[in-house]
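Colleague: One structure, as structure tokens, below. Some questions next.
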Amino acid sequence: MKNKLFNIFRIGVLALVLSCTGCSSSSKNKSDEKLNEISEMKVTYIDVGKGDCILIEKDGTNILIDGGYFDTSEKVINYLHEEGIEALDYFIITHYDKDHVGGAATIASTFSIGKIYLPNYEGSSKYYKELMNVINLNSLDAENVSEDISFTLSDVNYKIFASDVTYVAADGNEEGNDNDVSLVIAVYYGEDSYLFAGDIEKEGIKSYLAANHGQFDVLKMPHHGRKEDNTDDLIDDVQPEIAIITDSSEDTADNKVLNWLGGADVTTYQTSVYGSITVTGTGSGTYHVEVENP
């Protein structure tokens with residue numbers, strides 16, 4: 001009887017061990033599945049000189065912010081093709097200066113585009129007119145942003161902040177204020193946050209700060225690192241960990257802006273130094289940065 005009870009006890013222990021082993025395996029599988037669900041968002045600041053062209057990629061979705069110059073459009077198109085991109089879900093033009101809209105018509109003619117967002121004013125340059133012609137000829141879905149817009153794509157939340165600065169067109173030798181009416185774009189993926197500040201100058205920065213949009217980890221500095229009286233206020237408000245400056249070796253960022261960023265312990269990357277810059281995150285609030293020219 002004693003041996004029989006011992007055998008029953010031994011069988012029970014074995015069953016319990018096997019059961020626990022099965023639970024451990026099941027738990028591990030669930031952990032693996034959870035890890036496999038984590039996907040990267042990749043943001044590439046394509047080097048187009050002193051100009052903007054920024055590609056956001058996530059799970060096969062693609063958003064392009066600005067199109068660089070006409071002369072750099074072939075470089076942009078080649079890069080997108082190298083990434084295996086045949087279509088853009090969204091194409092956002094922050095404003096109509098040639099270093100932002102110059103390549104837009106060529107890009108819009110090359111790729112299928114789901115939607116184009118445009119600033120809320122009419123441009124006058126040939127590059128603006130060429131883009132409008134492509135939009136009209138191909139019946140592309142385009143919208144002027146007159147109020148803030150939000151949308152979500154592949155677990156990434158996008159906000160486009162419309163400018164409340166009154167647009168003043170160029171008059172004679174005077175420059176217009178199209179920089180100040182640039183669209184500003186915020187992007188959130190989990191704990192990751194990015195701000196793309198277009199070319200906003202003093203009045204645009206003042207308007208942005210008044211809206212209290214909060215802190216962002218990665219800041220695309222406005223107007224290629226040009227100093228404004230309130231640029232330091234923008235840095236203090238955003239409190240970025242990383243700053244990207246889209247400048248050129250012929251026209252680099254202002255030293256005072258670089259000093260402000262350094263004083264705030266912001267890790268800064270310039271396209272004039274590093275070429276194209278790619279920031280990758282998984283929504284955890286940590287980032288991996290790769291540069292074209294290490």
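Bear in mind that the values in this text are calculations on the coordinates, not laboratory data. Being a predicted model, the structure only gives us computed values, none of them experimental. Glycine also receives a Cβ, built like all others from the backbone with ideal geometry; neighbour counts cover every protein chain displayed.
Colleague: Let me confirm something: among Thr110, Thr94, Thr61, which residue is over 16 Å from the mean Cα position of the chain (by Cα) and of a type in the set (S, T, N, Q)?
Modeller: Working: Thr94 fails: over 16 Å from the mean Cα position of the chain (by Cα); Thr61 fails: over 16 Å from the mean Cα position of the chain (by Cα).
It is Thr110.
Colleague: Return the residue satisfying two criteria in turn: it lies in region 218-236 and is among the acidic types (Asp, Glu) and over 21 Å from Asp97 (Cα atoms), and of such residues it is surrounded by the most Cβ atoms within 10 Å (Cβ to Cβ).
Modeller: At the first step, the residues of region 218-236 found to be among the acidic types (Asp, Glu) are 228-229, 232-233, 236.
Narrowing the set further to residues that are over 21 Å from Asp97 (Cα atoms) leaves 229, 232-233, 236.
Values: Asp229: 10, Asp232: 17, Asp233: 15, Asp236: 12.
Filtering region 218-236 for residues that are among the acidic types (Asp, Glu) and over 21 Å from Asp97 (Cα atoms), the one surrounded by the most Cβ atoms within 10 Å (Cβ to Cβ) comes out as Asp232.
Colleague: Right, another one. Might you check whether a residue that is part of a loop (DSSP other than H, G, I, E, B), in contact with a strand residue (DSSP E or B) (Cβ under 9 Å, 6 or more places away or on another chain) and over 28 Å from Tyr287 (Cβ atoms) occurs anywhere in region 184-199?
Modeller: Pass one, region 184-199, residues part of a loop (DSSP other than H, G, I, E, B): 190-191, 197-199.
Right, trim to in contact with a strand residue (DSSP E or B) (Cβ under 9 Å, 6 or more places away or on another chain) and you get 190-191, 197-198.
Applying the additional criterion that residues be over 28 Å from Tyr287 (Cβ atoms) yields none.
No - not one qualifying residue is present in region 184-199.
Colleague: Further question: Hey, Val184 hits all of (1) in contact with a helix residue (DSSP H, G or I) (Cβ under 9 Å, 6 or more places away or on another chain); (2) of a type in the set (A, V, I, L, M, F, W, C); (3) free of Cβ contacts under 8 Å to residues at least 40 places away in the same chain; (4) under 13 Å from His95 (Cα atoms) but one; which does it fall short on?
Modeller: Against the list (1) in contact with a helix residue (DSSP H, G or I) (Cβ under 9 Å, 6 or more places away or on another chain); (2) of a type in the set (A, V, I, L, M, F, W, C); (3) free of Cβ contacts under 8 Å to residues at least 40 places away in the same chain; (4) under 13 Å from His95 (Cα atoms), Val184 comes up short only on (3).
Colleague: Can you tell me which condition Val289 does not meet? The list is (1) more than 30 Å from Ser154 (Cβ to Cβ); (2) among the β-branched types (Val, Ile, Thr); (3) outside any helix (DSSP H, G or I), and all the others hold.
Modeller: (1)
Colleague: Go through region 259-272 and give me each residue that's over 15 Å from Val48 (Cβ atoms) and part of a helix (DSSP H, G or I).
Modeller: Answer for region 259-272, where residues must be over 15 Å from Val48 (Cβ atoms) and part of a helix (DSSP H, G or I): Asn259, Trp260, Leu261, Gly262, Gly263.
Colleague: Now for a different question. If you scan region 101-143, which residues turn out to be surrounded by 14 or more Cβ atoms within 10 Å (Cβ to Cβ), closer than 22 Å to Ala197 by Cα and of a type in the set (D, E, K, R)?
Modeller: Lys115
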